[in-house]
Each structure stands twice: as structure tokens, then as C-alpha cells.
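Contents: one structure, followed by commentary.
The values are calculated or read from the model by the stated rules, or taken from the named source; none is laboratory data. Just so we're clear, the structure is a prediction, and the values are computed from it rather than from any experiment. Heads up, the Cβs are rebuilt from the backbone with ideal geometry, glycines too, and the neighbour counts pull from every protein chain shown.
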Amino acid sequence: MAPAPVSLRTGRASRRSFPVNTLWRNRGKAFLLLLTGCLGVLAAAPARAFDDAAADRVLQAAQQKLRATASDPQIPTTQYPKATTNGPWRLVPNTANIDWVQGFFPGQLWLMYEQGRDPFWRTKADAWTRNLELQKSNPDIRQITHDLGFKFMSSFGQAYRLTGDDAYRQVLLTAAGSLARRFNSTVGVIDCCDWNDGTWHVPMVTDTMMNLELLFWGARNGGNPAWNDMALRHALKTASDMVRADGGTFHVVDYSTSGSILSRGTFQGFSASSTWARGQAWAIYGFTMAYRYTRDPRMLQAAQKVTDYYLARLPADFVPNWDFNAPANQQQKDSSAAAIVASALQELSRYVSDPAVAQRYQSAALATLDSLASPAYLAPATGGGPGILLHGVAFYKTAIKPTGEDIDKSLIYSDYYFVEAVSRFKLWNQGGWLSTLGFPESVRGLGTGNTGVRIVEFDVTPLSKLIDGVIGYADTSTNVTAYSSLAMSLRMNPSGFFDVRRGGAYAALASVPYQANTTYHVRMRTDLNAKTYSVWVRPPGGGEVLVADSFAFRSDAPPTDDLGKVSLKSGHFDNEFRVRNHTVRAE
């Protein structure tokens, strides 16, 4: 008899085990046990591992569905899929200000483009993306939706991340400025809407946590720095006023114009005291995203609190019902909540410091993907309608909405977050070091004793184009907080070429262009006594090219007597490039 796996939700023995270690899985171990301290002895069921093969299968199915929709002559590029069963997509126009889903279809097309840079996907994605530009601003504040983040980060955000086209960035900044107009500085929240019937005064909803990314990102990419503070204030209000003591969430908190709480309740959940599953998913994803941008420990604490509530109440297949507290006669699975959480937990698992907790979150994410990729939720390739995931719920029948909306349907946002979750798995399952936007988290220690003349070698792969990525080096004693902390830096610049920091500016002795998803070998010789370094870059299939010859260390950098730290710094988004096989040795 083998020990039983412990439930990810309750800590009790479960009848099913799930993959917990990517390395073991990649080495072909098909049966895994998740052990977190339980000593019960039961027969362990075999794990259904979500692995690279499963991810490729899902992405191939998604490509087939998306190609058919993008090629459908009945769907013009001014119309956007929203929901479907076995029939055609129900569409919403690009002019629908209040609707919130238009960014998800072009966002999926961009994610497909990322997989292999097939120009078909870029052409289609660009067409549906650009037709949303008209929503970036509106002179009537009542027509500016709090959902601009949903619409623009999934479409224009993905477009800018993958192409570097500044036109996309400019649209994002205009949209961020529009969203900022909905910030109520007295209350400290993004006022979600003016379309309600007067029941609400200054309402905040859980969904808005997702839209904060537009402000966080905009503040770091040429927009108003005050947008960051607006977004963080809203997130903190959400954590204090919307998250209950047990980690569940209200859907709506309504404030007076002076900032006092008038009511807490729901619009899409079962009741004021219940927890709507997708609202909980928005909170998990939103707080995790807020931590990505701010590294504020309060955001990480909130993310873990709402996550632990969610995991403790999941059914056996890790796909929640639409509301955790709905009665037995009003139960319906919601794959959209599961897809959102599967994406978020993979990221959250990278931030928590406790390895056991990180493993628990990652295992829950893979268990969820395992279920969503099964025939129970993944639509058949043929005869199953144009959607990718089955069994989504916009919201069930409630006292507020007695007819409900899109119950047991394929939903475009379910598909988007599912494809994103699988794409994240592929990205983070390949090993190496990935670049980050923030400086402290970009740093890797190289040990002590790297003095005198040292040879550094590594492989670098840009994951997008164009990027603004820096691989920089600092002394063991240096607290890396800015580019000026780095005495030596190799850059993949926004013009599409490698260059190297020399004294007070970047320069290059030879032009070596870089391409997305192409790996380049870098060799650097640094003389820490002379304060000079040389850099060679070898493109695939070519010879080494000298791009820096005895360049002086950065003129405003701190004293650098050893090679103690390396920083992998993104310019626009996390994960702009990957470094593998990094070594440091004596000459």
C-alpha cells in the first residue's frame, strides 16, 4: 500500500494525486504523489500529468478553432466573439462601450502568433486589435468603462509586447489616461460604472482588479506615474473592504461620495453573503498581477488569502461551481473561473517564498489544466462549436438577473485565460532565467571570488521583438536598484540590435541584429582590475562577432571589484528574454 496524496484543499487524504515536480514529469515519471505531511495509508491513484505534450495538444486544438473563426467570412473585424454553444459565436461590435469582452479574441490571436511567428496570426490579430482603438477615449465620462484594461491589455498590450510597434503603446497610454478619469480620489477607487439604476453611488467591483494592469503598466511605460498610485490605492481598498476575514470576496462594495461604506453585496453571485467563483478568480489573478508590478507585500498577502479560500472549496476536478455558496439545485460548473485561476496560480507560485506553498499552488494549477484539457471540458475538434472550453457561466439566475446569462456556454474570456495559462506553462517549463521588469527581482547571485580576469558565457533568447532588455553585472556588495548599479551591460536595444555599455553611453563595434525566439551565444571577458570588458555575440550558424573591445565600465556605476551579481532586466514586460547555461570561470 502506498501513502495517499493529500488534498490540496483540506489537507486530508485524497483519492487522486497530481503532478508536483516538473523535472520528474519531464523525465517520464507518470505516477506522482503529492505529500505534504499526511501519514495516512491508502492506495494512490495514478496522476494524469499535464505536461508539454498535453500543452501542445491544447494549443494545436486552439489554433484549429481560432483559425476557423478568424477566417469566417461571416465575422467582420469590427465584430468580436463573446459566447457560443454548438452554433456560431454571438458577437458584439467594436462600438459597444459597456461590453467588456472585445479584447479577448485578438488577444488569443496574438498568443497564437507568439507560438511560431506565423504571419497569418499577426495579420488577423492586428486587424481585430486596431478596430478597438476607437474605445481608447471618450469625451463623456459616463461612456468610459472601468473595463478598459480587459479590452486593451489583452489586445494592444499583447500586440506591443510581441511586436514593439510604438503605435500600440500610444493607444495603451491614451486608454490608461481614460481609465484614470474614473478614479475617485476621495474614496480611493476606480468607480466602476454610471450605468446602474441609482442603487449604487460609488461602486467598486472585484472585476476592476484586472483592469488595474493598464494603469500599472502605463505608469512604467511613458504614462503618468500617478497612475501607479491610483491602481495601488484601489487594490488596497479591495483587500481591506472586499475580502472577508475567511478569504472569500464580496462582488460589489458601494461607497458614499465621502468614502464611507454603504453596502456590500453582489451583482453576479448568488447572494450578498456568497462568494461568486469568477469574482474570486479575478481577485486571485488581480492581486497576483498587482504584486508583479509593485512587489508590495500586502498584495502578495492578499493574493494568498483569496487563493487559500478558493483551493479549500474546490470539487474533485478543480473546476468550481459558479458560486461557492449556491444551493444544490443551482449548481453549474464554471470553466472560466478555473481557467483564470490556472493562469494566476502559475505566476503566484513563483512569488511565494515557502517552497511547500509554491508547490501547492503550482500543483493546483496543473491539476486544473489537466481537467480543462480533458474531454469533459475541452471542446471536440469537430462538431463541438467554435469555442475551445465548454461549461462556462457568465452568471447564473439570481434575484437581480432572473434569466441569467450565458449558462453552460463556451465563453471567449474562458478561452483566452485557458490559452494564456497553457502558454505560461510552456514558457515557464523550459527552464533558464527569465527577465523581469523590476530590478530587485531581476538579480541572480553569482557567488563570491570572481575577481581578476573572468570569462562569462551564456545563451540568450529574445522572446519578443522589439525589446529593451539588459543583461548587466554588478559587485557582490552592490544593491542593484537601477541601470546605474550595473558596471557592465549587454543590451538588446529597441532598434533590434545588440549593443554594450561603454562609459557613459551604449555603443557597438559591429551590427548584430536579434530576432525573436532565436538563441545567441554570448562570451564576455572582463578585467576587474583594469575596469574593462569585451563582448562577442555568436548568431546561430555563424561565427563570433566582436561587439565590444575593452570597453570601460559604466562611468556612474558603484565600485566593482568582483563579478557577484547579474541582472536580467526587461524594458517593457516581464519575460522579454531568457538566459540559459550561464557560467563564470577564470581565464
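Computed values, structure above
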item	result
Qualifying position, being within 30 Å of residue 157 (Cβ to Cβ) and either part of a loop (DSSP other than H, G, I, E, B) or of a type in the set (Lys, Arg) (or both), among 525, 578	578
Residues located in the stretch 177-209, provided they are under 16 Å from residue 250 (Cβ atoms) and either in a helix (DSSP H, G or I) or not assigned by TED's automatic domain parsing to the domain that holds residue 293 (or both)	208, 209
Subset tally (residues that are over 17 Å from residue 501 (Cα atoms) and either surrounded by fewer than 24 Cβ atoms within 10 Å (Cβ to Cβ) or out of contact with any Gly (no Cβ under 9 Å at 6 or more places or on another chain) (or both)) for the stretch 460-480	10
Scope the stretch 372-409; condition farther than 17 Å from residue 331 by Cα and of a type in the set (Ser, Thr, Tyr); matching residues	374, 382
Test for residue 83: is it surrounded by 15 or more Cβ atoms within 10 Å (Cβ to Cβ), part of a strand (DSSP E or B) and in contact (Cβ under 8 Å) with a residue 40 or more places away in the chain	yes
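Residues checked against (1) β-branched (Val, Ile, Thr); (2) under 16 Å from residue 569 (Cα atoms); (3) out of contact with any Phe, Trp or Tyr (no Cβ under 8 Å at 6 or more places or on another chain):
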site: 429; (1), (2), (3): no, no, yes
site: 434; (1), (2), (3): no, yes, no
site: 440; (1), (2), (3): no, yes, yes
site: 443; (1), (2), (3): yes, yes, yes
site: 451; (1), (2), (3): yes, no, yes
site: 461; (1), (2), (3): yes, yes, no
site: 464; (1), (2), (3): no, yes, no
site: 472; (1), (2), (3): no, yes, no
site: 476; (1), (2), (3): yes, no, yes
